1. So Ser87 passes all but one of these: (1) in contact with a helix residue (DSSP H, G or I) (Cβ under 6 Å, 6 or more places away or on another chain); (2) farther than 30 Å from Met1 by Cα; (3) buried (at least 19 other Cβ atoms within 10 Å of the Cβ). Which condition number does it fail?
2. Any chance the range 126-142 includes a residue that's in a loop (DSSP other than H, G, I, E, B) and farther than 14 Å from Ser86 by Cα?
3. Among the residues of the range 23-73, which ones are aromatic (Phe, Trp, Tyr) and either closer than 30 Å to Ala162 by Cα or surrounded by fewer than 18 Cβ atoms within 10 Å (Cβ to Cβ) (or both)?
4. Checking the structure you have, find out if any residue of the range 180-188 is among the charged types (D, E, K, R), over 26 Å from Ser86 (Cβ atoms) and not in a helix (DSSP H, G or I).
5. Condition first: assigned to a loop (DSSP other than H, G, I, E, B) and either closer than 24 Å to Glu62 by Cβ or of a type in the set (D, E, K, R) (or both). Now tell me which residues in the range 23-49 satisfy that.
6. When you look at Ala112, is it more than 30 Å from Asp158 (Cβ to Cβ) and small (Gly, Ala, Ser), yes or no?
7. Taking the residues in the range 156-178 that are in a helix (DSSP H, G or I), in contact (Cβ under 8 Å) with a residue 60 or more places away in the chain and more than 16 Å from the chain's Cα centre (by Cα) as candidates, determine which candidate is farthest from Leu22 (Cα to Cα).
8. Report yes if some residue within the range 111-120 is at negative phi, in a loop (DSSP other than H, G, I, E, B), basic (Lys, Arg) and in contact with a Gly (Cβ under 9 Å, 6 or more places away or on another chain); otherwise report no.
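Readers should treat all values here as calculations from the given coordinates under stated rules, not as data from a laboratory. Everything numeric here is computed off the predicted structure, so don't read it as measured data. Heads up, the Cβs are rebuilt from the backbone with ideal geometry, glycines too, and the neighbour counts pull from every protein chain shown.
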Amino acid sequence: MQAPKILVFAGSIRSGSYNARLAGHMAKQLALADAEVTQISLADYPMPIYDGDLEKEEGVPENAKRLKKLMTKQHGVFIASPEYNSSITPLLKNTIDWISRLSDEGEPPSAAFRNRVFAVGGASPGRFGGMRSLITLRTILEIGVGALVIPDMVSVSDAKNAFDERGDLNEGPAKRAAAAVAARLIEEARLRAT
């Protein structure tokens with residue numbers, strides 16, 4: 001049976017980002033469960049703020065095309081989403097907006113978000129564990145671009161104290177949730193890999 005291909009990234013490029021740590025933890029869990037994991041940083045895909053006039057004049061940025069191509073080769077995607085003012089980061093929203101503009105001939109609208117399964121998680125220094133951003137992200141993915149998002153989510157509260165020196169989650173509810181999300185994501189991605 002083919003190993004499912006899963007892309008992992010965080011919606012933050014901040015040095016020391018808790019969500020980059022969560023993405024790293026999830027990448028390890030997925031790899032240990034025999035997924036073929038690709039972990040990226042959105043810092044490697046810089047794009048201007050989405051502007052319809054800019055798109056009309058210059059087209060979609062090359063980095064959006066590169067990321068769309070990478071996403072369409074995956075069976076699953078895990079996104080770790082920080083919470084900024086009860087929502088997702090401008091970086092993550094901008095990335096989704098640009099990629100959603102790309103569909104080759106014969107592909108459905110927002111092609112990068114179709115025919116693969118998504119999972120989401122968030123880490124926050126507060127007690128809500130990024131839950132408000134996850135609700136927003138789920139709405140954008142499901143309703144905005146037509147993605148299939150598994151119901152399970154990872155919510156890491158008190159993120160400052162949630163990870164060990166290797167970047168793994170400490171024992172507790174968040175670690176158990178991460179394991180459950182990884183298992184479900186692989187299960188659903190494997191269906192798309194056959």
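1. Condition (3) is where Ser87 drops out.
2. Step one: filter the range 126-142 for residues in a loop (DSSP other than H, G, I, E, B), giving 126-130.
From what is left, the residues that are farther than 14 Å from Ser86 by Cα are none.
No, the conditions are met nowhere in the range 126-142.
3. Tyr45, the sole residue that qualifies.
4. No; the residues of the range 180-188 include none that is among the charged types (D, E, K, R), over 26 Å from Ser86 (Cβ atoms) and not in a helix (DSSP H, G or I).
5. Passing the criteria: Asp34, Ile40, Ser41, Tyr45, Pro46, Met47, Pro48, Ile49.
6. Details: more than 30 Å from Asp158 (Cβ to Cβ): yes; small (Gly, Ala, Ser): yes.
The answer is yes for Ala112.
7. Here is the first cut: in the range 156-178, the ones in a helix (DSSP H, G or I) are 159-161, 173-178.
Then drop every residue that is not in contact (Cβ under 8 Å) with a residue 60 or more places away in the chain, which leaves 159-160, 178.
The next check asks that each one be more than 16 Å from the chain's Cα centre (by Cα); those that pass are 159-160.
Numbers: Ala159: 9, Lys160: 12 Å.
Among residues in the range 156-178 that are in a helix (DSSP H, G or I), in contact (Cβ under 8 Å) with a residue 60 or more places away in the chain and more than 16 Å from the chain's Cα centre (by Cα), the one farthest from Leu22 (Cα to Cα) is Lys160.
8. Going residue by residue through the range 111-120, those that are at negative phi are 111-114, 116-120.
Next cut, in a loop (DSSP other than H, G, I, E, B) only: 114, 116.
Going one step further and asking which of them are basic (Lys, Arg), we end up with 114, 116.
If we keep only those that are in contact with a Gly (Cβ under 9 Å, 6 or more places away or on another chain) too, we end up with 114, 116.
For the range 111-120, residues at negative phi, in a loop (DSSP other than H, G, I, E, B), basic (Lys, Arg) and in contact with a Gly (Cβ under 9 Å, 6 or more places away or on another chain): present.
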